[in-house]
Amino acid sequence: MKNIVRLIMSGFVLLLFISTAEAQNKDSELSTVYIKSNMDCMDCELTLTNYLKFEKGLKSLKVDLVSNTIKVVYKSEKNTPENIAKGIKKNGYEATLISEEEYNKLFGNAPKKKN
C-alpha cells in the first residue's frame, strides 16, 4: 500500500515538473521585429503606441519618434512581423521591416530627447 501511495505521489511530482517546464518553454518562444516608419510628431508616436499595445502576443514595445523606429517583442505563436507591419500601414504609416543592426544604427544615432 505504501508503495502505491509513493508511486502516485511521484507521478504528481513528475506532472508538476513537466507543466512547469512547458510554461518556461512558452516564454522562450519570443520574437522581436524592428520596423522603420515615418512618424513626424508626438501624436504619431502616441497613435502607434496606442494601436500596437493591443497587438496579439505583445510582450514589450518601443516606439521612438526621433529615430522613426519601432521595436516589438511578441510571442511568435500569436503574431508575425508581417501582421504587425500590416497594422501599422492600416493606421496610415510606413512600416519597413529592418534588421536589428539597422535598428541599432538608427536608434543609436538619433538625437536624445530632452525632458
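Taking the condition crowded, with 16+ Cβ neighbours inside 10 Å and not aromatic (Phe, Trp, Tyr), does residue 46 pass? So residue 46 does not fit the description; no. The one condition from (1) surrounded by 18 or more Cβ atoms within 10 Å (Cβ to Cβ); (2) in a helix (DSSP H, G or I); (3) in contact (Cβ under 8 Å) with a residue 40 or more places away in the chain that residue 51 does not meet is (1). Select from segment 28-48 the residues that are part of a loop (DSSP other than H, G, I, E, B) and under 15 Å from residue 94 (Cα atoms) and list them in ascending order. 37, 38, 39, 40, 41, listed by residue number.
Read-outs throughout are calculated quantities, based only on the coordinates presented, and are distinct from any laboratory measurement. Small disclaimer: the values here were computed from a predicted structure and weren't measured. Glycine also receives a Cβ, built like all others from the backbone with ideal geometry; neighbour counts cover every protein chain displayed.
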